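**Student:** Below you'll find the structure I mean.
Just so you know, all these numbers are worked out from the coordinates, no wet-lab data involved. It should be emphasised that the depicted structure is a prediction, and the values quoted were computed from it without experimental measurement. A quick note on method: Cβ atoms are made from the backbone with ideal geometry, for glycine too, and the neighbour counts reach across all protein chains shown.
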């Protein structure tokens, strides 16, 4: 039996090659994801080990506040350092600070990152602690006029020791002389962040940390172990602070990165799963066709006494072998993909230190297992069907597969699946499912399966409709193409179903993006009274000095300039995000509908909360909210106003006076500027530009520009989704190529006949081309139907998140159908060429 | 008899090269007069099918000239050859003559449809009527009997009024009664429509329907028989080769029909 299996494989190796390609791509995606995220993890782990070199014990505030720039902790009083220095076994204890510092390049523009922080830090003076920062040239900074910069920034901007550079802070910008260039071990920067290093006193001054430290680094005396010292220090500093060893510190940092890469890993694996899911349709289809073509051979084996079980084992062994070979190839492909991505990261300047590519045993096992299991699962149905062949079929003249029975069982199964999937989807979107995302994903998968099961029922009528233009205008090849597409509905349907999945997801994200844009534009117009919106170099990620708003407010023709700061506080022990604003200016720039109280009252101090928060906690104006802040700790604030959601206020508004007391960093993330009525736009814009000229990196946009930019950002994310989904679509088209190629093989004699009675090669290619187009467009139409439904439900469920409008980008969606047809044309090239090359005589003569 | 619908001038067909070369046709020259029914006979491997394929433009000769009417085939590219097949040649094969997705009517009209033209209504109805297919036109090939399928194939071959129809063992898969029926139809299309037909067969009974029989052996025409009858053909085959030929046995159940001499009426 084994020999038969192997022979069968070899005989069909070409037909299986394309199937294998579907697995190779899917498994490659899986393996590549693991290798990439493992490599990033390993790289960071090494980087953090380097950065904590020489550090025996780290002391910091215990309580942390999550924020968009990483965890924030309450700064510690400088006196704590002295107390630690007196702990027996401490050789040195040195305080350190870090904060916002953005360098300005020679071109006068702020040096930006791809979203990584722009860090200012104090450089330690203790020799042991200095090891973390490796001097590449020049000297460490000393005195208020000196700065060291990271190697990557130095190379990019052409900074060298002796140069004068400008650096932006929370307060006014300042000029420094570059004293040296630094790296971190063999890394040129800290994972994409730019770094400006100062001596401690200067850093405390410019980073708004006067008299406080963010962390205290401790070096142990000879013979004192880090753990011992940690415990002693811990006892000395008291319960508000915590001490951890350098090793723990590095591990903790690595773990934080691990959480981040874990999210990337999960997201990429989700797309890999989609690719494999689509690939499994290709496998089902290919095995169905190949086994149908081999039904006589299988029947002959049955005649010779092979049991059904033996046939089944043989067929599954064949599938398993294909899966294994393809998985091994996929593993290789994945490693190559990961290497490619890593060099892409390098080219983008993320500056990861060179670390060996991480190929873990887990990666190998998962990749191989996934590939083999998916192939096996997908081949079970075709195998069951094929091995049901009666022995007598060997002597009967039934070489061609018959059309699928479209029985009630298919209708029932498909309907149950589709309905169940929709139910899961709705439960995940609107219900109270434990893991909403997983429920939605499972629902989508089940819906796809249901539609795939039902699709053979509609494949024939839909092909008839979609093929009509070809039959009408493309002559006999068009008519024959339509007939061929209608010929075996199950085959046409499962080929189209693979494309359906990809297109459903693509159209869904397209609809979501369009709805998001429309909702955002609507919200902006309704809510923002200000004409101008200012943001930092990476909008919403990096802030800018509040000095900007202060100065703009003083310019003529400006009615109000309102900065928005973001901070994290604790409510019942959980992190919440608030916005710090000047209530008076903010109220002029942003329209807020209050249900009780007013923002003007907020100027007295207190907090304004959103309606739903008030309702949830049963709060009304005059009640107090038990807030706890990074600086100053617990400080219950009276509720001054309750407002309706307007997508800009967030859940909590804190007046600036309170914000300044409770947060170390005072940076505006956004600012809204409203001109005085009657001021010509050119004048108000000029006034703002005058101020901003002194703060490189601050971006000014009017409402139209802002809308356009937000739309662009949405489009960028959309493109990312397109790229990630592209593989699923590519695999679907491989499926179309495969099906057509197999059909050509199956129809050799028919093709010979057509050629003999006068069909030209061109007409033959046209026939296959139009069949491909009909199948592709069928898949696209099914996909669009499912995608529009998904998009509609998802957008509906995001009403609370501010996606209030549902937009059908009809033009784009139709373009997708057209594109699917166009790619259908392309996928018909190879099968068409193969058919056209068939020797007429041999085609007629072949049995 | 007038001009020739097709002729071969010194055609040879060699498969392979060097020591393994096989000469399937060896300097064959033959003409196929218009409006006549020619049977090509010979043992397996004699080159009779090769001759047909070369004459029909399905295969290319190694040397020599093939003429269909006044067109010489060796100079034609694939496209011209295809158009020639479409417009001037009709085909009937032993099996698998029909496109399974098309109805009988669509199969009959297939070459014209491929050419993008419509059949002349009266002519189509006459051919279809003649072949007794009027009631079967809406059926798919799988719903037709073997004899009906072959009749559809012959009707298709005739519909474009080709210069010549080539039939390759058209009765090879039929029982003797259906064979006789089909051959009768073919005979009538020669007699009534003046169609030129060349038929390869190994069945002496089938050859008996023809006006003339050509005998091939080892790639050469070794004998030509005017107004063949089944018995004379069988006798000749026995003389040609002492051993029992595969063509001998299948139609033994129909001793009488082979003796017909319908071909005379056309002469």
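**Student:** Treating only the Cα positions of the range A:440-524 as identical point scatterers, give the base-10 log of I(q)/I(0) from the Debye formula at each q in 0.16, 0.19, 0.24, 0.25 Å⁻¹.
**Tutor:** Here log10 of I(q) over I(0) equals -0.74, -0.86, -1.06, -1.10.
**Student:** Considering only the range A:55-257, what is the antiparallel percent among its DSSP beta bridges, to the nearest 5?
**Tutor:** Bridges in the range A:55-257 that DSSP calls antiparallel: roughly 75 percent.
**Student:** Show me the three semi-axes of the equivalent ellipsoid for the range B:4-266, from the C-alpha gyration tensor (sqrt of 5 times each eigenvalue), largest first, rounded to whole Å.
**Tutor:** 28, 24, 16
**Student:** Per-residue Cβ counts within 10 Å, from other chains only, averaged over B:91-99: what number is that?
**Tutor:** Taking the mean over all residues of the peptide, I get 5.
**Student:** At each listed q (0.07, 0.09 Å⁻¹), what is the log10 of I(q)/I(0) that the Debye formula gives for the range A:55-257 modelled as equal alpha-carbon point scatterers?
**Tutor:** -0.20, -0.34
**Student:** Once you average over the residues of A:834-842, how many Cβ atoms of partner chains fall within 10 Å of each Cβ?
**Tutor:** Mean shielding count: 2.
**Student:** Ok, one more. Residue separation times 0.36 nm, minus the C-alpha to C-alpha distance between residue A:303 and residue A:259: what's the value?
**Tutor:** 9.9 nm
**Student:** A further question on this structure: How many percent of all Cα-Cα pairs in the range A:505-577 sit more than 14 Å apart?
**Tutor:** Result for the distance tail: 75 percent.
**Student:** Now a separate question. Starting from the Cα gyration tensor of the range B:64-124, take the square roots of the eigenvalues, sort them a ≥ b ≥ c, and report rounded, prolate or oblate (rounded when a/c is under 1.5, otherwise prolate if a/b is larger than b/c, else oblate).
**Tutor:** Prolate, since a/c reaches 1.5 and a/b exceeds b/c.
**Student:** Using Cα-Cα distances under 8 Å and only pairs 6 or more residues apart, what relative contact order does the range A:620-768 have, in percent?
**Tutor:** Reported as a whole number, the value is 11 percent.
**Student:** Do you know the relative contact order of the range A:55-257, to the nearest whole percent, from alpha carbon pairs under 8 angstrom that are 6+ apart?
**Tutor:** 35
**Student:** Using packing as a proxy for protection, rank A:233-244, A:447-458 so that the peptide with the highest average count of other Cβ atoms within 10 Å comes first.
**Tutor:** A:447-458, A:233-244
**Student:** Using only the Cα atoms, what convex hull volume per residue in Å³ does the range A:79-183 have?
**Tutor:** 123
**Student:** What Kirkwood hydrodynamic radius do you get for the protein assembly as shown when you take the inverse of the mean 1/r over all pairs of distinct Cα atoms, in Å?
**Tutor:** Mean inverse Cα-Cα distance, inverted, gives 36.1 Å.
**Student:** Just to confirm the number: angle between the C-alpha axis of helix A:308-347 and the first principal axis of chain A, 0 to 90 degrees, nearest 10?
**Tutor:** Tilt relative to chain A: about 30 degrees.
**Student:** If you build a Gaussian network model of chain B, linking Cα atoms that sit under 10 Å apart, which residue out of B:240, B:174, B:76 swings the most?
**Tutor:** The residue with the greatest mean-square fluctuation here is B:76.
**Student:** Could you tell me the center-to-center distance, by alpha carbons, between the range A:490-524 and the range B:22-47 in angstrom?
**Tutor:** 64
**Student:** How would the range B:129-212 be classified by its alpha-carbon gyration tensor: rounded, prolate or oblate, with rounded meaning a/c under 1.5 and the a/b versus b/c comparison settling the rest?
**Tutor:** Oblate.
**Student:** Can you give the average number of partner chain beta-carbon atoms within 10 Å of each beta-carbon in peptide A:295-307, as a whole number?
**Tutor:** Partner Cβ neighbours, averaged per residue: 0.
**Student:** In nm, to one decimal, how far is the residue A:107 label point from the residue B:139 one, both placed 7 Å along Cα→Cβ?
**Tutor:** For the pair residue A:107/residue B:139, the computed spacing is 8.0 nm.
**Student:** Project the alpha carbons of the range B:3-108 onto their principal axes and report the range along each, largest first, in whole Å.
**Tutor:** Here the spans come out as 48, 32, 29 Å, largest first.
**Student:** Related question: Kindly rank B:79-87, B:42-50 from highest to lowest mean number of other beta carbons found within 10 Å of each residue.
**Tutor:** Descending packing order for the listed peptides: B:42-50, B:79-87.
**Student:** Using only Cα atoms, tell me the angle between helix A:436-473 and the longest principal axis of chain A; keep it within 0 to 90° and round to the nearest 10.
**Tutor:** 50
**Student:** Further, regarding this structure: Tell me, what is the percent relative contact order of the range A:546-694, built from C-alpha pairs under 8 Å that lie six or more residues apart?
**Tutor:** Here the relative contact order equals 34 percent.
**Student:** To continue, here is another question. Placing one identical point scatterer on every Cα of the range A:39-87 and ignoring solvent, what is log10 I(q)/I(0) from the Debye formula at q = 0.14, 0.27 Å⁻¹?
**Tutor:** -0.57, -1.04
**Student:** Here is a further query. For the range A:667-767, which semi-axes, largest first and in whole Å, follow from the square roots of 5 times the eigenvalues of its Cα gyration tensor?
**Tutor:** Computed over the range A:667-767, the values are 64, 17, 9 Å.
**Student:** Given that compact globular proteins tend to follow 2.2 N^0.38 Å, what is the ratio of the alpha-carbon Rg of the range A:598-683 to that value?
**Tutor:** Normalised Rg, Cα atoms only: 1.28.
**Student:** Tell me the label-point distance for the pair residue A:163, residue A:362, using the 7 Å Cα-to-Cβ offset, in nm and rounded to one decimal.
**Tutor:** Roughly 4.2 nm, to one decimal.
**Student:** Using alpha carbons only, how many angstrom separate the centre of the range A:298-320 from the centre of the range A:92-136?
**Tutor:** What the calculation gives is 69 Å, centre to centre.
**Student:** The range A:546-694: percent of C-alpha pairs farther apart than 26 Å?
**Tutor:** Of all Cα-Cα pairs in the range A:546-694, 27 percent lie more than 26 Å apart.
**Student:** Give me the angle, in degrees from 0 to 90, between the Cα long axis of helix A:703-746 and the longest principal axis of the Cα atoms of chain A, rounded to the nearest 10.
**Tutor:** It is inclined by approximately 20 degrees.
**Student:** Just the Cα atoms of the range B:164-205: what Rg and Dmax do they give in Å?
**Tutor:** Taking only Cα atoms of the range B:164-205, I get Rg and Dmax of 10.1, 27 Å.
**Student:** How far apart, in nm, are two points set 7 Å out from the Cα along the Cα-to-Cβ line at residue B:9 and at residue A:409?
**Tutor:** 6.7
**Student:** Right, here's the next one. Quick one: if you take sqrt(5λ) for each eigenvalue of the C-alpha gyration tensor of the range A:202-314, what semi-axes come out, biggest first, whole angstrom?
**Tutor:** Whole-Å semi-axes of the equivalent ellipsoid: 69, 21, 9.
**Student:** From the square roots a ≥ b ≥ c of the eigenvalues of the alpha-carbon gyration tensor of the range A:644-718, which class results: rounded (a/c under 1.5), prolate (a/b over b/c), or oblate?
**Tutor:** Since a/c reaches 1.5 but b/c is at least a/b, the shape of the range A:644-718 is classed as oblate.
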